[in-house]
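*Asks:* What follows is a structure written as structure tokens; I'll ask about it next.
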Amino acid sequence: MPIIILAATLSITGCKEKDSTVKTRVEEKLQANQETAGTMVAVDAGVATLTGQVSTDNGKMESENIARGTKGVKSVVNNITVTAPVAPVTITADDPLTTSLRDATKDHPTVNASVLNGTVTLTGTISKADNLILMKKISALNPGKIDNQLTIK
């Protein structure tokens, strides 16, 4: 009788998946999918906890589905965050920027402005109050960079 109990115990514990093996399986599946590649997983007693960042809600759900469908995973805790898309920065081309820059600096005769490769370079003199006004106008033109070499008087 003790041999039967020992054999039954060994067969039951032998069937249990190691958490490290389950973790490796889930990670391989997640990394193979572009939408879920930013996901990390920890497995404890068959519970897969997902963390990290993905770019879409679909990526978050797909990560969970992959984990749930992996042999040895009993349940899934999904702590993945969806990152907000970053809006692209639009830099105005030199010709329209030069035209707009002339208009922005027309009220500041002591300021010289030039544009090269999206960079606005300012030279000359200006008052502190006028400098703030001018910088707001120029920033609104979306240059790549503002090189302010003005002397404040």
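Okay, residues lined up against (1) in the same structural domain as residue 50 (by TED's automatic domain parsing); (2) over 30 Å from residue 38 (Cα atoms); (3) of a type in the set (Val, Ile, Thr):
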| residue | (1), (2), (3) |
| --- | --- |
| 78 | yes, no, no |
| 88 | no, no, no |
| 103 | no, yes, no |
| 111 | no, yes, yes |
| 114 | no, yes, no |
| 120 | no, yes, yes |
| 124 | no, yes, no |
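*Asks:* Among residues belonging to segment 43-63 that are aliphatic (A, V, I, L, M) and within 22 Å of the chain's Cα centre (by Cα), point out the one that is surrounded by the fewest Cβ atoms within 10 Å (Cβ to Cβ).
*Replies:* Per the criteria, the residue is 61.
*Asks:* Please go through segment 70-88 and give me each residue that is out of contact with any strand residue (DSSP E or B) (no Cβ under 9 Å at 6 or more places or on another chain) and surrounded by 11 or more Cβ atoms within 10 Å (Cβ to Cβ), ordered by number.
*Replies:* Listed by number, the list is empty, since nothing qualifies.
*Asks:* Do we find that residue 130 is farther than 30 Å from residue 28 by Cβ and of a type outside the set (Val, Ile, Thr) in this structure?
*Replies:* Against the criterion (farther than 30 Å from residue 28 by Cβ and of a type outside the set (Val, Ile, Thr)), residue 130 qualifies.
*Asks:* If you go through segment 114-131, how many residues are farther than 13 Å from residue 142 by Cα and in contact (Cβ under 8 Å) with a residue 24 or more places away in the chain?
*Replies:* Residues in segment 114-131 being farther than 13 Å from residue 142 by Cα and in contact (Cβ under 8 Å) with a residue 24 or more places away in the chain: 8 in total.
*Asks:* Search segment 76-101 for residues that are under 23 Å from residue 66 (Cβ atoms) and pair each with any residue that is loosely packed, with under 11 Cβ neighbours inside 10 Å when their beta-carbon atoms are under 8 Å apart and the residues are at least 6 apart or on different chains.
*Replies:* Taking only residues 6 or more apart or on different chains, the pairs are 82/57.
*Asks:* Among 40, 61, which is outside any helix (DSSP H, G or I), on the phi < 0 side of the Ramachandran plot and either at pLDDT below 95 or not charged (D, E, K, R) (or both)?
*Replies:* Unique residue meeting the criteria: 40.
*Asks:* State which residue is nearest to the chain's Cα centre (by Cα) when the search covers only segment 64-88 and only residues that are within 16 Å of residue 40 (Cβ to Cβ) and part of a loop (DSSP other than H, G, I, E, B).
*Replies:* 83
*Asks:* Hey, another quick one. Hey, does segment 89-109 have a residue that's under 29 Å from the mean Cα position of the chain (by Cα) and either in a strand (DSSP E or B) or crowded, with 16+ Cβ neighbours inside 10 Å (or both)?
*Replies:* Yes, segment 89-109 has at least one match.
The values are calculated or read from the model by the stated rules, or taken from the named source; none is laboratory data. Remember, it's a predicted structure, so these values are computed and weren't measured experimentally. Reconstructed Cβ throughout: ideal geometry from the backbone, glycine too, with neighbour counts over all protein chains shown.
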